[in-house]
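The values are calculated or read from the model by the stated rules, or taken from the named source; none is laboratory data. Here the structure is a predicted model, which is why all the values come from computation and not from measurement. FYI the Cβ positions are ideal-geometry reconstructions off the backbone, even for glycines, and counts take in every protein chain you see.
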Amino acid sequence: MTALANYSRVSKSTKYLPVFANTLHAAQTGHGGFPGFINDYYDDEGWWALAWIDVYDLTGEARYLQAASGIFDDMQRGWDTATCGGGVWWSKKTREKNAIENELFLAVAASLANRVKSPEQRAQYLAWAQKEWEWFRDSGMINSQHLVNDGLNASDPAHCTNNGKNTWSYNQGVILGALVELNRAAPNPALRTTAAAIALAAIEHLSDANGVLRETSSAHTGGDVPQFKGIFSRNLMLLDNAFPDRRYQDFARTNARSLWEKDRDAANHFGFWWAGPFDLPDAARQSSALDALIAAVAAQPKQQR
C-alpha cells in the first residue's frame, strides 16, 4: 500500500486509487477475531496506520485519515510505564519492547498531529509523539555508532538495556521518517541532527564496499526481512525531502542502479541481494525494490541546506 501510494505520488498516476478504496473496504473484515486493521501486534497496526496516512496525503480523502486515527487509538493501549519506564509493547500477548513498534508509534502520532484539523486533537497527538521520542531517545536502543538495535533487554524491568541484537535496516529507516514528522510538528534542531547521524551511520555501516545496502544478518526468508531495505530507502528520501543532502541522493541512486543491473531476472523480478545475485521473486522483494526505485526517482538534486 505504501509503495503504491508513493509510486502514485511520484508518477502522478491515478491508476491505483480504486485499489486503495477497495482495500479500505474489503480489509476491514475481521482477521483472527480482530476487526478492521487491528490485531495482536502493535507494529502491524502501525504499518497500516502509516499506509493510510500516505493514501490520505495522496487523495485528501478524510476516510483514510480517520482509519489511521482509529488504529492509533488502539496502539495507545500498548503504552506501559511499569517496564522500562515507558514505551509500547510489541505484542498484546508477549512482553517485549522493541524498536520497531515504538518508532511506528512515534511516526503515526507525529503524522496525525501534522494533519488533523482540531487544535485539541493536534495537541494530543503531539504530546504522544514527544513522550515517545523522549523515552526512545533515552532508552539505550540507539547505540554508540548511532545505529538502532532491535530492542531492549527487560530482565530487570526497572533498568532496561540495549539487547545488542541486529541493527536491521528498517529500524534505521522508520525513525528517520518519524523524526521528520516530529520536527515538522515541533521544530527542534536536535531532531535533524539525530536523524542525520542515524542516516549516515546506516549508510556507512550497513552498506558494502560499493555503497549497496545489505542486512547485518544473513536471514532473508519469510515476508518481513526482504522488505526492510526498501523501508530504509523510502524513509531516507523523506529525510532528504525535508533536509536535502547529496549523500542521501547518491546513496538512493547507487542502490537503484545496483538492483536494476545485478538483482533482476529476465522477467523484471527483483531479488533480496541488491548487489546480486538474484535469488527468487516474491511480493516482499518486489515491494522493497519498488521502494528503492521510487527513492531514486525522488532523489533528484535539490538545493542543499
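For the range 112-144, name all the residues that are surrounded by fewer than 14 Cβ atoms within 10 Å (Cβ to Cβ) and not in a helix (DSSP H, G or I).
Across the range 112-144, the qualifying residues are K117, S118, N143, S144.
Filter the range 255-264 down to residues that are surrounded by fewer than 20 Cβ atoms within 10 Å (Cβ to Cβ) and in a helix (DSSP H, G or I), then give me how many there are. Explain how you work it out, then say what you get.
From the range 255-264, those surrounded by fewer than 20 Cβ atoms within 10 Å (Cβ to Cβ) are 257, 260-262, 264; that's our starting set.
From what is left, the residues that are in a helix (DSSP H, G or I) are 257, 260-262.
Residues in the range 255-264 being surrounded by fewer than 20 Cβ atoms within 10 Å (Cβ to Cβ) and in a helix (DSSP H, G or I): 4 in total.
If I filter the range 111-122 for residues that are under 16 Å from D150 (Cα atoms) and not hydrophobic (A, V, I, L, M, F, W, C), do I get at least one hit?
First, the residues of the range 111-122 that are under 16 Å from D150 (Cα atoms): none.
No, that holds for no residue.
Can you give me the number of residues within the range 145-159 that are surrounded by fewer than 21 Cβ atoms within 10 Å (Cβ to Cβ), over 16 Å from A201 (Cα atoms) and in contact with a strand residue (DSSP E or B) (Cβ under 8 Å, 6 or more places away or on another chain)?
1
Determine whether P226 is within 16 Å of A292 (Cα to Cα) and not aromatic (F, W, Y). Spell out how you get there, then give the answer.
Numbers: within 16 Å of A292 (Cα to Cα): yes; not aromatic (F, W, Y): yes.
Considered against the rule, which asks whether it is within 16 Å of A292 (Cα to Cα) and not aromatic (F, W, Y), P226 comes out as yes.
With a cut-off of at least 2 residues that are over 19 Å from the mean Cα position of the chain (by Cα), name the helices (runs of 4 or more DSSP H) lying wholly within the range 1-99.
Ranges flagged: 17-26, 62-75.
Do you know which residues across the range 265-305 are assigned to a loop (DSSP other than H, G, I, E, B), small (G, A, S), in contact with a helix residue (DSSP H, G or I) (Cβ under 8 Å, 6 or more places away or on another chain) and modelled with pLDDT of 95 or more? Give the steps one after another, and end with the answer.
Step one: list which residues in the range 265-305 are assigned to a loop (DSSP other than H, G, I, E, B), which gives 265-269, 271-282, 299-305.
If we keep only those that are small (G, A, S) as well, we get 266-267, 271, 275-276, 299.
Imposing the further condition that a residue be in contact with a helix residue (DSSP H, G or I) (Cβ under 8 Å, 6 or more places away or on another chain) reduces the set to 271, 275-276, 299.
Hits for the range 265-305 are G271, A275, G276.
Please go through the range 224-242 and pick out each residue that is among the polar types (S, T, N, Q) and within 14 Å of G271 (Cβ to Cβ). Walk me through it before giving the result.
From the range 224-242, those among the polar types (S, T, N, Q) are 227, 233, 235, 241; that's our starting set.
Within the range 224-242, Q227 is the sole residue that qualifies.
Restricting to the range 166-215, what's the tally of residues that are outside any helix (DSSP H, G or I) and farther than 19 Å from L104 by Cα? Can you show your working first?
Filtering the range 166-215 for residues outside any helix (DSSP H, G or I) gives 166-168, 186-188, 206-215.
Then drop every residue that is not farther than 19 Å from L104 by Cα, which leaves 187-188, 206-215.
Number of matching residues: 12.
Select, from R234, R246, the only residue that is loosely packed, with under 13 Cβ neighbours inside 10 Å and under 30 Å from L182 (Cβ atoms).
Selected residue: R246, the only one of R234, R246 that is loosely packed, with under 13 Cβ neighbours inside 10 Å and under 30 Å from L182 (Cβ atoms).
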